[in-house]
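Everything on this sheet refers to the single structure shown next.
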Amino acid sequence: MKKIAVINDISGFGRCSLTAALPVISAMGIECNPLPTAVLSNQTGYESFLCHDCTDLMDGFIDEWKKLDAHFDAILTGYCASAEQIEKIRHFVTAFMKEDTLFVCDPVMADDGKIYSTYNDEMCKKVCALAKHANIITPNLTELAIMTGEDYTTLSNLDIIGQSAKKLISGPLHTVIVTGLRDGDHATNLVVTKDEITPVTNVMYGGSYSGTGDLFSSTLCGGVVKGLDVISATRLAGDFISKAVADTYAENTDRNDGVNFQKYLGMLI
Ligand code: PXL
């Protein structure tokens, strides 16, 4: 069975990070090997939360997984808890990247023009450096602006966004997917390579919901590991999230509680 190492937090509420990655990747018939960056009572968008930083676990996991001679078809990274931890994630990637290993980095840092409350400038710099080692990255628009050093408000249409994302492509990084670009009741995931800019658009009701970025990166990574091309994997992820969001919108629940993806995991089997 194929294996994906997922380096991300586990949050008790919010249907994000590992609570999204584990079911999605498992439904796709791939083993998901989690390395938790932090354990939270609930994700950080809620007014109050408890966060236990797991930076101290990283070296031990690397050592133990080396003893197991672990081989991963992909490594997927997401939410980080400290600047020091991001360095350790780089060590993990160096230790486990083989010629046939795909590295997908979701450069989780910010949304809606603001960095997350638990992030700071040093962490953002380190996430940007980590992303340069990836093959595919999945920033939202705010994260793209941080990575390119541009003003978020100037990235005002798909053409400008595509040209901006293209500037990041070099070395191992061959594809930038700018996720969750909203236009009324539609959302576009923009797939950008050196040669092409391809918009993949879905109906998407309501505002933004917790965890949709994690559902996207997990489905995308699983799809590519299973042999889909990046655009087909993006389409699968967009269709899956669109259904889950429509279901959730009809229930009128809090955005922090995430989306009803559980009912649509069958689309991924
Ligand atoms: O989905 C991104 C994310 C992941 N993990 C935690 C978060 C967030 C976004 O707020 O708070 C803990």
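Looking only at residues in segment 135-155 that are within 21 Å of GLY211 (Cα to Cα) and touching a Phe, Trp or Tyr at 6+ places or on another chain (Cβ under 7 Å), the one that is surrounded by the most Cβ atoms within 10 Å (Cβ to Cβ) is THR138.
Of the numbered criteria (1) touching a Lys or Arg at 6+ places or on another chain (Cβ under 8 Å); (2) at pLDDT below 95, the one TYR205 fails is (1). Close contacts from segment 28-55, counting a first residue that is over 30 Å from MET1 (Cα atoms) and a second that is assigned to a helix (DSSP H, G or I) and more than 10 Å from the ligand (Cβ to nearest atom), with Cβ to Cβ under 6 Å and a gap of 6+ residues or different chains, come to none at all. Meeting the requirement of 3 or more residues that are more than 30 Å from ASP183 (Cα to Cα) and either among the acidic types (Asp, Glu) or within 12 Å of the ligand (Cβ to nearest atom) (or both), the helices (runs of 4 or more DSSP H) wholly within segment 1-115 are 58-67.
For segment 194-235, give me each residue that is among the polar types (S, T, N, Q) and either in a helix (DSSP H, G or I) or surrounded by fewer than 24 Cβ atoms within 10 Å (Cβ to Cβ) (or both).
Let us first name the residues in segment 194-235 that are among the polar types (S, T, N, Q), namely 198, 201-202, 208, 210, 212, 217-219, 232, 234.
THR198, THR201, ASN202, SER208, THR212, SER217, SER218, THR219, SER232, THR234, listed by residue number.
Across segment 159-188, the qualifying residues are those that are assigned to a strand (DSSP E or B) and surrounded by fewer than 12 Cβ atoms within 10 Å (Cβ to Cβ), and the one among them that is modelled with the lowest pLDDT is ASP183.
Just checking, does segment 115-133 include any residue being over 30 Å from ASP151 (Cα atoms) and not hydroxyl-bearing (Ser, Thr, Tyr)?
no
Within segment 11-22, count every residue that is more than 12 Å from the chain's Cα centre (by Cα) and either modelled with pLDDT under 95 or closer than 21 Å to PHE103 by Cβ (or both). Explain how you work it out, then say what you get.
Applying the first criterion (more than 12 Å from the chain's Cα centre (by Cα)) to segment 11-22 yields 11-15, 19, 22.
Filter again for either modelled with pLDDT under 95 or closer than 21 Å to PHE103 by Cβ (or both), leaving 22.
Looking only at that region, the number is 1.
The values are calculated or read from the model by the stated rules, or taken from the named source; none is laboratory data. Keep in mind the model is a prediction, meaning the values are calculated, not measured. Every residue, glycine as well, gets a Cβ built from its backbone with ideal geometry; the counts of neighbours run over all protein chains shown.
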